[in-house]
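Below is one structure, written out as structure tokens; comments come after it.
The values are calculated or read from the model by the stated rules, or taken from the named source; none is laboratory data. Here the structure is a predicted model, which is why all the values come from computation and not from measurement. Cβ coordinates were reconstructed from backbone atoms using ideal geometry, including for glycine residues, and neighbour counts include every protein chain displayed.
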Amino acid sequence: MKKLFLIGIALMAALTMSAQKQMITSAWSYLKDGYLDDAKKAIDKAEANPQTAESFKTFWFKGQIYQELGSTKNKKYQALCSDCYEVAYESYMKALKYNFVNPEHRDIDFTTQAGLMKFASILNQNNESNYESTEAFMDILFQRFPALSNAFVNKGINAFQSNDFETSYNQFAKAIEISTLTFRIDTQIYYYASLAAMRSKKFEEAITLNDFLIGANYGVDNKEKVSVYVNQSMALKETGDTAKMLKVLEDGIAKFPNDSYPLVIEMFNYYVASGNTGKAREYINMAMQNDPNNAQFLVIRGTLAQEMKDKTAAEADFNKALEIDPNNYDAIYGLGALYINSAADTLEWADKNIPPTDFAAFEKYQEIAKECQTKALPHLEKALSIKPNDLQVLQILKELYYKAGKYEESQQMGARIKELTE
């Protein structure tokens, strides 16, 4: 009787195990027949049962079921999960681990460089005895993963187009993880991820991605390659790494001299912001080699020349800018301000260098200053016609009219200032 009892227990255990394995088989059958709801119920039960919770088949099939749920057009099935692709990916990862015959291999951390090296070492052995099922292993790596990576890329693109940059970055990052496991590097995905990282203010992540892209010489042409350098410089600027930012810009300019215009502009902006007028002027000259008839560049260079006390160069640049764009406000105002400043500098020099008793010499410099003010007047009047409410121009004109004896015009400027400020 005791022997029969033990046999009965063994038989019941075998039947239970068979029933649980049958649940996996049922899930597979439902999946093949397109009944995704029944397939999901069956595989979820198989995962919940301790006897099949660590079976590679459970997660191999679960990955496929959830991957199908993620791509289905059937609204009934779409409602069964909200993160289908994420669940599919996690399932495939478990399937890979449980498929290893050696228990030590099941502890591989695929998120680390060491883990990936260990994984590559196992693959290079090309030994089928490493796996319970070589078919499952190859299917996941070379069939399921590429399709799943594309699914994450598409989700990333859709999120980016909807301005959901956080989600977009996460989707692209997942696609990169999957591609890495198949040892297939798609630099296009890295580029998309870098853009999403920048937009979502994940600057450290963007720096890592851009470092990879620069090292891989990514870009269909020099223009696109330069854009990676620009993005990298912006990310580095946001993290405060000015030294590396400048190095990236310099490297890009040296590598792509004929397409470096955006990099030169970034350099120019940096030196302007940091108050290094000389370096800023150097880079605006470089920018103008690419665009010599850009009126605004001429205005910028003229302003820098004025700050460096090079009045002749400043006047030439402002006048050339007006030849290209006669109504360029900045150039018009720049000339007016240049002549006003010249008048002030002349009188200041005379005060410091002409003896108080030398009235003739002092009057000479007063006349020079007056001529400068006279030259400034039409430019400032034109500036006011373009921007009638510019308080700074109104104030300058009020003083100029008064000094020129045009008291009525001066009073009009004063009334206009009062009207705008009260």
Inter-residue pairs, beta-carbon under 7 Å, first closer than 16 Å to P103 by Cβ and in region 114-132, second of a type in the set (F, W, Y) and assigned to a helix (DSSP H, G or I), 6+ apart: Y131/F137; E132/F56
Exception for V272 within (1) in a helix (DSSP H, G or I); (2) of a type outside the set (S, T, N, Q); (3) under 29 Å from F212 (Cα atoms) falls at (3)
Qualifying positions in region 68-111 - in a helix (DSSP H, G or I), farther than 13 Å from L31 by Cβ and acidic (D, E): E86, E90, E104, D107
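Residue-wise test of (1) under 26 Å from A273 (Cβ atoms); (2) assigned to a loop (DSSP other than H, G, I, E, B).
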{"site": "T303", "(1), (2)": "yes, no"}
{"site": "K309", "(1), (2)": "yes, yes"}
{"site": "A313", "(1), (2)": "yes, no"}
{"site": "I332", "(1), (2)": "yes, no"}
{"site": "A369", "(1), (2)": "no, no"}
{"site": "Q373", "(1), (2)": "no, no"}
{"site": "L377", "(1), (2)": "no, no"}
Do we find a residue being more than 42 Å from the chain's Cα centre (by Cα) and over 15 Å from K94 (Cα atoms) anywhere in region 62-71? no
Flag for L335 being among the hydrophobic types (A, V, I, L, M, F, W, C), under 30 Å from R301 (Cβ atoms) and loosely packed, with under 13 Cβ neighbours inside 10 Å: no
Taking D317 as the residue in question, decide whether it is farther than 30 Å from Y191 by Cα, of a type in the set (D, E, K, R), surrounded by 20 or more Cβ atoms within 10 Å (Cβ to Cβ) and in contact (Cβ under 8 Å) with a residue 12 or more places away in the chain. yes
Number of positions in region 155-176 that are of a type in the set (D, E, K, R) and either surrounded by fewer than 16 Cβ atoms within 10 Å (Cβ to Cβ) or without any contact (Cβ under 8 Å) to a residue 60 or more places away in the chain (or both): 2
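So that you can scan it fast, the table gives a plain yes or no per residue for (1) surrounded by 14 or more Cβ atoms within 10 Å (Cβ to Cβ); (2) at pLDDT 95 or above; (3) farther than 23 Å from K320 by Cβ:
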residue	(1), (2), (3)
N341	yes, no, no
W349	no, no, yes
A360	no, no, yes
E363	no, no, yes
C372	yes, no, no
K382	yes, yes, no
N389	no, no, yes
Of all residues being of a type outside the set (A, V, I, L, M, F, W, C) and surrounded by 11 or more Cβ atoms within 10 Å (Cβ to Cβ) in region 112-122, which is nearest to T72 (Cα to Cα)? Just the residue, please. G115
Report the residue count in region 271-306 for those that are more than 23 Å from K237 (Cβ to Cβ) and either in contact with a Lys or Arg (Cβ under 9 Å, 6 or more places away or on another chain) or surrounded by fewer than 14 Cβ atoms within 10 Å (Cβ to Cβ) (or both). 10
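Matching residues to (1) in contact with a Ser or Thr (Cβ under 7 Å, 6 or more places away or on another chain); (2) at pLDDT 95 or above; (3) assigned to a loop (DSSP other than H, G, I, E, B); (4) not acidic (D, E):
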| residue | (1), (2), (3), (4) |
| --- | --- |
| E205 | no, yes, no, no |
| V220 | no, no, yes, yes |
| M234 | no, yes, no, yes |
| E238 | no, yes, no, no |
Any residue in region 226-246 that is without any contact (Cβ under 8 Å) to a residue 40 or more places away in the chain and within 14 Å of L209 (Cβ to Cβ) sitting within a Cβ distance under 7 Å of a residue that is of a type outside the set (F, W, Y) and not in a helix (DSSP H, G or I)? List the pairs, counting only those 6 or more apart or interchain. V228/G219
Given the conditions (1) farther than 24 Å from L304 by Cα; (2) surrounded by 22 or more Cβ atoms within 10 Å (Cβ to Cβ); (3) more than 18 Å from the chain's Cα centre (by Cα), report the number of the one that V248 does not fulfil. (3)
Check whether at least one residue in region 52-67 is free of Cβ contacts under 8 Å to residues at least 12 places away in the same chain and in a helix (DSSP H, G or I), and report yes or no. no
Among (1) modelled with pLDDT under 95; (2) over 15 Å from F152 (Cβ atoms); (3) in contact with a Ser or Thr (Cβ under 9 Å, 6 or more places away or on another chain), there is one condition L195 misses while meeting the rest; what is its number? (1)
Please tell me if F152 is crowded, with 19+ Cβ neighbours inside 10 Å, closer than 23 Å to A280 by Cβ, over 16 Å from the mean Cα position of the chain (by Cα) and of a type outside the set (D, E). no
What are the residues in region 123-140 that are surrounded by 17 or more Cβ atoms within 10 Å (Cβ to Cβ) and out of contact with any strand residue (DSSP E or B) (no Cβ under 8 Å at 6 or more places or on another chain), if any? A136, D139, I140
